[in-house]
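Structure first, commentary second.
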Amino acid sequence: MRVPVVVAARDVRMTYQIGSTRVEALRGISLDVSAGEFLLLMGPSGSGKTTLLSILGGILTPTSGAVVACGTELTRLRRGALARFRLLNIGFVFQGFNLFSALTAAENVQLALGLKGDKVDARDKACELLEEVGLGEKCERLPADLSAGEKQRVAIARALAGQPRLIMADEPTASLDSDNGKHVTMMMRRLAKSHGCSVLTVTHDPRIMEVADRVLHIEDGALRG
Amino acid sequence: MVPLGRKTLFKDVARFLVAQAGVAFAVGLIAIETGIYLGFIQSTVLPITESSADIWVCTRGMPYFELTLPMRYDALAKARTVTGVRRAEAMLIKTSAWRGTGHKLEYIRVIGFDPHGVLWSPGPVPAEELDRLFAPDSAIVDDTKLGNLNITGVGGTGKIGVHDVRIVGTTHGTQPVVSATLIYASMRNAKAYLSMTSAPGVATSTDINAAQAELDPEELARYLGAVDVSKYLVEQGILPAPAPTPKPAPAVAQDPSTLDPGDDVSYILVQAQPGQDLTALKGRLTSELRGTAAYTRKEMADRTSSYWVKRTNIGFILGLIAFVGLIVGITVAGQILYTSVVEHITEYGTLRAIGAPDSLFYKVVAEQALIMACLGFIPGIVISAIVAHWAFATRGVIILITPESAVLTLLIIAAMCVASGIFAVQRALRVDPAMVFRG
Ligand SMILES: Nc1ncnc2c1ncn2[C@@H]1O[C@H](COP(=O)(O)OP(=O)(O)O)[C@@H](O)[C@H]1O
Ligand SMILES: [Mg+2]
């Protein structure tokens, strides 16, 4: 039985131009992400990991190449349509958590639910998701009153809101100590599996390699091996 | 939907209060500086708008209320015979000087009017104080100008020409900011105060002016080239003398509300019979009274305010200040909103990365802008109103803040907050959404 592909990239190239200097961040990358897959992206700093993640997640448009995600050819979408695609299909987890500091944990998740058009019982659903990341008791806390690990768990709950097909995480554990990092990664893996979404996560942490379904190595803008 | 804009605004209370103080400052700046300008214009036309006359008649060429050449008093009787005139009263206005105790001089304009008339009165003065104007050598002044006359209240005295004038009453809110101190008196008293020839034949106004300036009599005599002039002036009671000085004759001998036919008056105020076409009535008045022009109350007020606005630099300067106030206020309000968006640029970036539609950004910032404009407006306008009240009560200076101008200020501030917020959001939208991935 063939596993369905959630994201397919073909010969993706990305060139940044700053003034007269050109940086070739990606030099022809092709890859498939299967449904439900927990995929790890590793590589040295500046190798193009963030750029690749941004392109596959519909945040950046590549200079050339094709990206088909969830059945949509991303490179053909305009700005507004691309934003809508991201909203409905992709959950993001950032290194710096990027929670809304004025909103409580529940409101952070609720806002994402609301944006995705899931407004009925948004409050209850937000609390359920927080329950799943082990923060049922801390729904009403502001981000400032949460530890780094807790913040990232709120961010994961927010990313899971609205049943996305894919979660994109860029160094989600870089701001956490290694125990917390491991804990958060395991949690992300477990929840992705139970919610049936694929995860593409960038990390430097070799200990996470063991739990990944597959590990991709990127160097100098190209996949290795 | 979670009220992201409102919650973000109220999150940091200290910062919010500082921003609110800024908006309140902007509101105050706009309200007070435009209020000063509007109040100035209103104050210049106070003597006109306070009058219930429909038409003002004066000699041709009058540029503004305080400057007009005289016409004869008997024009009043003639005006009363014109068809459509229900009532007519005369008014006299001339420049002079008040010599207070300690010989302090104050530049004044004496306004002579009929204290029992109905077409003109110097603001809120009780009837018994108006009645006192029939006494010789009496006058009323705005209470904010008592200090200028070097007196403390009713009963204070000073000299106008040769007359020892007693202040018999006060009024409030009648004094144009830019004018010489207005002194209100009966027609006959005003005529007496202003007469430059009360010493028959010889003394000229120059003599009297010089005398008022307290020249040494000898010196004055030398200056005039006639030794006996000083003696003459002393005899006439114009100069204080070593010898006891005879008091000048009281100014009022006849009915104080009337003058002699050949006397000077400045304006004839006309009340039309009900239903009269004012344009036609103006035409009849000017053809009946040779060499005159007639203006409706509004024309008279417009003429006077536009004189101050256009022909003097005072209007220009105050207009400029009001304009600068408007610009500064707008900039301050705009800056505050812009800064608040920029401060939260990462959060906007996150929203954008998640895939929030552009409309959400505008909704968030518009909500913030309106909250800030409204909450900043309230203290801003209250403080402005207090300042305006204080200025009027203590100085008689009008800072005009009407409900309309207050609402307009609110709209300007709100529009500016929204506009600068939108401007800032557009910047936020242009930011590379990939920024959220950079630590
Ligand atoms: N917005 C940008 N403008 C110009 N150059 C960029 C930009 N973003 C990334 N780059 C460059 O592209 C290369 C890859 O960057 P990035 O994808 O962030 O790598 P990584 O996430 O693996 O550290 C680097 O050389 C970086 O300097
Ligand atoms: Mg990176």
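The values are calculated or read from the model by the stated rules, or taken from the named source; none is laboratory data. Please read these numbers as outputs of a predicted model, since none were measured by experiment. Here the Cβ is made from the backbone with ideal geometry for all residues, glycine too, and neighbour counts use every protein chain on show. These accessible areas exclude ligands, DNA and RNA; they are computed on the full protein's heavy atoms, side chains included. Shrake-Rupley method; radii C 1.70, N 1.55, O 1.52, S 1.80 Å.
Within segment B:21-44, the set of residues being within 25 Å of B:Leu119 (Cβ to Cβ), surrounded by fewer than 24 Cβ atoms within 10 Å (Cβ to Cβ) and in contact with a helix residue (DSSP H, G or I) (Cβ under 6 Å, 6 or more places away or on another chain) comprises just one member, B:Ile41.
Only one of A:Leu130, A:Leu160 is more than 16 Å from ligand 2 (Cβ to nearest atom), within 13 Å of another protein chain (Cβ to nearest Cβ) and open to solvent by less than 10 Å² (accessible area, probe 1.4 Å); which?
Numbers: A:Leu130 fails: within 13 Å of another protein chain (Cβ to nearest Cβ).
Every option except A:Leu160 fails the conditions.
For segment B:260-286, what are the residues that are open to solvent by 60 Å² or more (accessible area, probe 1.4 Å) and outside any loop (DSSP other than H, G, I, E, B)? Matches in segment B:260-286: B:Asp264, B:Thr279, B:Arg284.
Residues that are more than 16 Å from ligand 2 (Cβ to nearest atom), within 14 Å of chain A (Cβ to nearest Cβ), touching a residue at least 60 places away in the same chain (Cβ under 8 Å) and not in a helix (DSSP H, G or I): does segment B:420-430 have at least one? It would help to see each step written out before you state the result.
Kept after step one, since they are more than 16 Å from ligand 2 (Cβ to nearest atom), are these residues of segment B:420-430: B:420-430.
Subsequent filtering for residues that are within 14 Å of chain A (Cβ to nearest Cβ) retains B:426, B:428-430.
Keeping just the survivors that are touching a residue at least 60 places away in the same chain (Cβ under 8 Å) gives B:428-429.
Filter once more, so that each one left must be not in a helix (DSSP H, G or I): none.
Within segment B:420-430, not a single residue is more than 16 Å from ligand 2 (Cβ to nearest atom), within 14 Å of chain A (Cβ to nearest Cβ), touching a residue at least 60 places away in the same chain (Cβ under 8 Å) and not in a helix (DSSP H, G or I).
Looking only at segment A:1-19, filter to residues that are farther than 22 Å from A:Gly225 by Cα and not hydrophobic (A, V, I, L, M, F, W, C); which one of those is nearest to ligand 1 (Cβ to nearest atom)? Checked segment A:1-19; the qualifying residue nearest to ligand 1 (Cβ to nearest atom) is A:Tyr16. Return the residues of segment B:109-155 that are of a type in the set (Gly, Ala, Ser) and crowded, with 18+ Cβ neighbours inside 10 Å; say none if nothing qualifies. Within segment B:109-155, B:Gly112, B:Gly117, B:Ser121, B:Ser138, B:Ala139 meet the criteria. Listed conditions (1) surrounded by fewer than 20 Cβ atoms within 10 Å (Cβ to Cβ); (2) assigned to a helix (DSSP H, G or I); (3) not acidic (Asp, Glu) are all met by A:Gln152, apart from (1). From the list A:Val215, A:Val202, A:Val211, A:Val184, the lone residue that is of a type in the set (A, V, I, L, M) and within 16 Å of ligand 2 (Cβ to nearest atom) is A:Val202.
Checking each residue in segment B:88-107 for being open to solvent by 20 Å² or more (accessible area, probe 1.4 Å), within 28 Å of B:Ser306 (Cα to Cα) and not hydroxyl-bearing (Ser, Thr, Tyr) picks out B:Lys94, B:Ala97, B:Glu106. Would you check which residues across segment A:20-36 are surrounded by fewer than 19 Cβ atoms within 10 Å (Cβ to Cβ) and within 10 Å of ligand 1 (Cβ to nearest atom) and list them? Answer for segment A:20-36, where residues must be surrounded by fewer than 19 Cβ atoms within 10 Å (Cβ to Cβ) and within 10 Å of ligand 1 (Cβ to nearest atom): A:Thr21, A:Arg22, A:Val23, A:Glu24.
For B:Glu66, are the conditions met, namely being open to solvent by less than 30 Å² (accessible area, probe 1.4 Å) and away from chain A (no Cβ under 14 Å)? Step through it out loud before you land on a result.
Numbers: open to solvent by less than 30 Å² (accessible area, probe 1.4 Å): yes; away from chain A (no Cβ under 14 Å): yes.
Considered against the rule, which asks whether it is open to solvent by less than 30 Å² (accessible area, probe 1.4 Å) and away from chain A (no Cβ under 14 Å), B:Glu66 comes out as yes.
Is it the case that some residue within segment B:393-414 is farther than 30 Å from B:Asp142 by Cβ and open to solvent by less than 10 Å² (accessible area, probe 1.4 Å)? Yes, some residue in segment B:393-414 is farther than 30 Å from B:Asp142 by Cβ and open to solvent by less than 10 Å² (accessible area, probe 1.4 Å).
Take B:Val18 and tell me if it is surrounded by fewer than 24 Cβ atoms within 10 Å (Cβ to Cβ), closer than 30 Å to B:His389 by Cβ and among the β-branched types (Val, Ile, Thr).
On the way: surrounded by fewer than 24 Cβ atoms within 10 Å (Cβ to Cβ): yes; closer than 30 Å to B:His389 by Cβ: yes; among the β-branched types (Val, Ile, Thr): yes.
Answer is yes for this residue.
Determine which member of the set A:Thr50, A:Thr75, A:Thr63 is among the β-branched types (Val, Ile, Thr) and facing chain B (nearest Cβ under 9 Å). That would be A:Thr50, the only listed residue that is among the β-branched types (Val, Ile, Thr) and facing chain B (nearest Cβ under 9 Å). Scanning segment A:72-95 for residues that are open to solvent by less than 40 Å² (accessible area, probe 1.4 Å) and either under 19 Å from A:Leu142 (Cα atoms) or among the acidic types (Asp, Glu) (or both) turns up A:Val93, A:Phe94.
Filtered by the rule that a residue be open to solvent by less than 10 Å² (accessible area, probe 1.4 Å), touching an Asp or Glu at 6+ places or on another chain (Cβ under 7 Å), within 12 Å of ligand 2 (Cβ to nearest atom) and within 26 Å of A:Leu191 (Cβ to Cβ), segment A:37-71 gives a lone residue, A:Leu53. Condition first: over 20 Å from B:Phe113 (Cα atoms), open to solvent by 40 Å² or more (accessible area, probe 1.4 Å) and touching a strand residue (DSSP E or B) at 6+ places or on another chain (Cβ under 7 Å). Can you find one or more residues in segment B:287-300 that meet it? There is no residue in segment B:287-300 that is over 20 Å from B:Phe113 (Cα atoms), open to solvent by 40 Å² or more (accessible area, probe 1.4 Å) and touching a strand residue (DSSP E or B) at 6+ places or on another chain (Cβ under 7 Å).
Being surrounded by 20 or more Cβ atoms within 10 Å (Cβ to Cβ) and either modelled with pLDDT of 95 or more or not polar (S, T, N, Q) (or both) narrows it down to one of A:Gly181, A:Gly225, A:Gly117, so name that one. Break it down stepwise before answering.
On the way: A:Gly225 fails: surrounded by 20 or more Cβ atoms within 10 Å (Cβ to Cβ); A:Gly117 fails: surrounded by 20 or more Cβ atoms within 10 Å (Cβ to Cβ).
Exactly one of A:Gly181, A:Gly225, A:Gly117 is surrounded by 20 or more Cβ atoms within 10 Å (Cβ to Cβ) and either modelled with pLDDT of 95 or more or not polar (S, T, N, Q) (or both), namely A:Gly181.
Looking across segment A:163-178, the residues that are within 16 Å of ligand 2 (Cβ to nearest atom) and open to solvent by less than 10 Å² (accessible area, probe 1.4 Å) come down to A:Met168, A:Ala169, A:Asp170, A:Pro172.
B:Met435 - would you say it is within 14 Å of another protein chain (Cβ to nearest Cβ) and surrounded by 14 or more Cβ atoms within 10 Å (Cβ to Cβ)? Answer is yes for this residue. Whether any residue in segment B:342-361 is away from chain A (no Cβ under 14 Å), in a helix (DSSP H, G or I) and over 14 Å from B:Gly28 (Cα atoms) is what I want to check. Within segment B:342-361, one or more residues are away from chain A (no Cβ under 14 Å), in a helix (DSSP H, G or I) and over 14 Å from B:Gly28 (Cα atoms). Working carefully through the options B:Ile383, B:Ile345, B:Ile336, B:Ile371, find the one that is closer than 21 Å to B:Ala14 by Cα, within 16 Å of ligand 1 (Cβ to nearest atom) and either surrounded by 16 or more Cβ atoms within 10 Å (Cβ to Cβ) or at pLDDT below 90 (or both). Checking each option against the conditions leaves just B:Ile345.
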